[in-house]
Each structure stands twice: as C-alpha cells, then as structure tokens.
Amino acid sequence: MSFYECLQALPRAQLQMSLYNATAADVESALLGCQGDLSGLLALLSPAAEPYLERMAQQAAGLTRQRFGRNIGMYLPMYVSNLCANECDYCGFSMSNKIKRKVLNHRELEAEMAVIKSQGFDSILIVSGEHETKVGIDYFASMIPDVKRQFSYVAMEVQPLKESEYHDLVELGLDAVMLYQETYNPITYQAHHTRGKKQDFQYRLESPERIARAGVDKIGLGVLLGLDDWRLDALLMGHHLDYLEKQFWRTRYSISLPRLRPCVGGIAPKVELTDRGLVQLICAFRLFNAELEISLSTRESTSLRDNLLGLGITQMSAGSSTQPGGYVSPDTELDQFEISDDRSAEEVANVMKFRGFVPVWKDWERGWRPTLSD
Ligand code: SF4
C-alpha cells in the first residue's frame, strides 16, 4: 500500500478533532516518552501542549544532545535555475511572474561552486525551479559529477523524478533529495497549485517512495507552514515519516519546517504560525523521533535561529542566496523568496561556537553503499 492510499484511509476530520480536543493528561503522558508514537505526536502538536513548552524544550534539548552532541551540520543551497513550468501562488518562480529567468551553464556553475567552497562548505543543496524540458534529468546528470568532485555531500531539491532517474543520479554521486509536499490537504493543495505537473498531488506524495527505492541515502520531507492548519499538516507529515521509516528503514530522514515568506506576486499566510508555535513543532518532532534530522533555513530571523540552536535543529544553512548565480553576482530580481537572516556563514558559525556548538562543514563521505542484495 502506498502512502497515498494510507493518507486516503486516514480519518482526517477525526484527527483534526482529536488535535483540538487533546487534554493536559494526553500531553503529560506523551512527555513520559513518545518515540515513534503517533498519538503522542498528536498530543504534543495540540493546543493543550502550549503550556508545556518549557518542559518540551528541555526534553527535546536533552534528546538532541544525546543523539547529535553539540554538532550543527552546515549546508548551502545553490540555485541553478529559476525556470519553472508550474504556477504556485506562494512562490516568486511561478511561470506567470515576470522576472528574469536564468539557467546556470557549466562555467557559471563552476564559478558558483568556487565561491561556496571558499566559504568552507562541503555539503551542498542543488535547487531549481521545476522545468523538466530545460532543466531535467539530462541537465542534472551532466552537472552532478562536477558537483560531487567538489563537495562530499550532494543533495537536491528539484522536481520529482522517475525512480530510474533517481537511481542514475545516485550512481553519479547524489546523496540526498529534499521533496516537500507543501500541504497534506489535497483540496488546499489544488487551490495553491494551479498550473503544471506539480498539480498532481499523488505523484508528488509518492515521490519519497521512488527516491527510497532508488537507494538515495537521505530524504527530506516538509510542509509549507501557512498554507493550511499547521498542526494537522505536521501530524500528517509525522504519519508520512512513520510510513517511510517502516518501509524503507535503510534510508535516513530529515524534515524542514519553512514558514511562508513574502515573494514577488506571493500570497500572505492563511494560517499564521508564531515563533512559539514553531518551537512547539520542532520540540514535538524531536520527542517523537530522536534520530530525525531537522533543518532550519535563513527564512527565519537571526535571533530566532540563534535561540533555536540546541533545541532540536541539527542542520542550518547560512549566507544563503535564493537566486541562480547569486553567490557570484547578487541580483534581487531573481530571488525565490526574501531571506530573513542575511549574515555570512562565518558570522553564523562564530555565533554557534560562542554558544558552545560545533559547526560541522563536512559530515561524512560515502565509501560504501549497501545494495538490495546485501
Ligand atoms: S514552488 Fe517550486 S514548482 Fe512552485 S513555482 Fe516555485 S519553484 Fe516552481
């Protein structure tokens, strides 16, 4: 059974009602231990957990320290194209937006990578808009070997691909794929994705299964917080994570919790998630899953990012640009969304060290990959 079928079978309205009817006793019971327990996750995401935020934060910090020490993985997104054949009403790259479009050529890629390398990064996230004819599998297959020569960990955040295509990219050096569902509510999903292949909710939802079958080391899940009820979307992402971990136990998982940010032609959040709400989310996921990597981007403010260190976050970007070619020549007309924390990577790393954390530029390098016959 695919996760799409599982999601269809879930009693959505009932889960939402349970979220809003959870009691202090449910939260206290979850705080006694809820690793892998979806009803515990539900309680910790509920409004009833809000008065327990301090206790959740202490426990989440303890678990994070136990599993990850004081290490924070550093990565940088490298936007290779802002061409997109989709219309998503929250994104500056939407096809109808009249912005300058650009796809990096080989020479421009090399120049971007040189600047990123010079900042100390060894882990990179390749990002593009979704345009499969001009920036499709051939483009990715031609660039990944070059990227892999320079960076020991290569992740990508692009359109969903076929299983065989993911497999080919793994052979060329791809380590991780971030693919965010945006929302687990199919009706809200249709309302925000009005043109292009991204309209296919089921194909996107089943992508992590294809990615895992292709042997990718790590898969990143995410919802765009602000499109729908964030508590329910987060809970359903927890169900998705639980499903994947049970089906594909060799794969590592991460989540990202981006809040809707202003962009060219973009919409305002329908449901505001406060800073306290974001802290609750991070802590709830850590208490639910001690192994999970949780990443935080420069969408969030400087002070919030600094204060979230140690609570559950294990990966951070810093000094990011959200435009193709933006590290060599910044041009705000090409931005996907506005960045909130615009400090350099060095400044962010210095703050981490000052607070007793260790910025990790190189995590690990794959020397051996298990095959299905192992
Ligand atoms: S969110 Fe992705 S698919 Fe949608 S317009 Fe932006 S880049 Fe394109």
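Worth a mention:
- Any hit, the stretch 128-151, residues being buried (at least 22 other Cβ atoms within 10 Å of the Cβ), more than 22 Å from residue 203 (Cα to Cα) and within 16 Å of the ligand (Cβ to nearest atom): no
- Residue that is surrounded by the fewest Cβ atoms within 10 Å (Cβ to Cβ) [pool: residues in the stretch 22-54 that are touching a residue at least 24 places away in the same chain (Cβ under 8 Å) and polar (S, T, N, Q)]: 23
- The sole residue among 221, 174, 161 that is within 16 Å of the ligand (Cβ to nearest atom), touching a helix residue (DSSP H, G or I) at 6+ places or on another chain (Cβ under 8 Å) and part of a loop (DSSP other than H, G, I, E, B) is 161.
- Test set (1) more than 16 Å from the ligand (Cβ to nearest atom); (2) at pLDDT below 95; (3) surrounded by 19 or more Cβ atoms within 10 Å (Cβ to Cβ) - residue 91 fails condition number: (1)
- Tally, over the stretch 65-83, of residues that are hydrophobic (A, V, I, L, M, F, W, C), more than 16 Å from the ligand (Cβ to nearest atom) and either part of a strand (DSSP E or B) or crowded, with 24+ Cβ neighbours inside 10 Å (or both): 3
- Looking only at the stretch 162-194, and only at residues there that are polar (S, T, N, Q) and buried (at least 16 other Cβ atoms within 10 Å of the Cβ), the one that is farthest from residue 207 (Cα to Cα): 188
- Residues of the stretch 113-133 satisfying the condition of being in a strand (DSSP E or B) and among the hydrophobic types (A, V, I, L, M, F, W, C): 124, 125, 126, 127
- Of the residues in the stretch 31-54, at least one is among the charged types (D, E, K, R), closer than 25 Å to residue 229 by Cβ and not in a helix (DSSP H, G or I).
- Checking each residue in the stretch 7-33 for being closer than 16 Å to residue 234 by Cα and in contact with a helix residue (DSSP H, G or I) (Cβ under 8 Å, 6 or more places away or on another chain) picks out 7, 10, 12, 15, 16, 18, 19, 20, 22.
- Within the stretch 75-98, residues that are without any contact (Cβ under 8 Å) to a residue 60 or more places away in the chain reach partners that are of a type in the set (D, E, K, R) and more than 10 Å from the ligand (Cβ to nearest atom) with beta carbons closer than 6 Å, at six or more positions or on different chains, in the pairs 83/101; 83/134.
- Selected residue (criterion: nearest to the ligand (Cβ to nearest atom)) from residues of the stretch 188-203 that are outside any strand (DSSP E or B) and over 18 Å from residue 260 (Cβ atoms): 196
- Filter result for residue 53 (more than 16 Å from the ligand (Cβ to nearest atom), farther than 30 Å from residue 346 by Cα and in contact with a helix residue (DSSP H, G or I) (Cβ under 7 Å, 6 or more places away or on another chain)): yes
- Positions within the stretch 148-172 being in contact with a strand residue (DSSP E or B) (Cβ under 6 Å, 6 or more places away or on another chain) and in contact (Cβ under 8 Å) with a residue 40 or more places away in the chain, in sequence order: 153, 155, 157
- Single residue of 86, 105, 97 found to be crowded, with 18+ Cβ neighbours inside 10 Å and either within 16 Å of the ligand (Cβ to nearest atom) or more than 25 Å from residue 359 (Cα to Cα) (or both): 86
- Scanning the stretch 240-263 for residues that are more than 16 Å from the chain's Cα centre (by Cα) and outside any loop (DSSP other than H, G, I, E, B) gives 242, 243, 245, 246, 247.
The values are calculated or read from the model by the stated rules, or taken from the named source; none is laboratory data. Because the structure is a prediction, the values reported are computed rather than measured. No Cβ is skipped: glycine too gets one built from the backbone with ideal geometry, and neighbour counts run over all protein chains shown.
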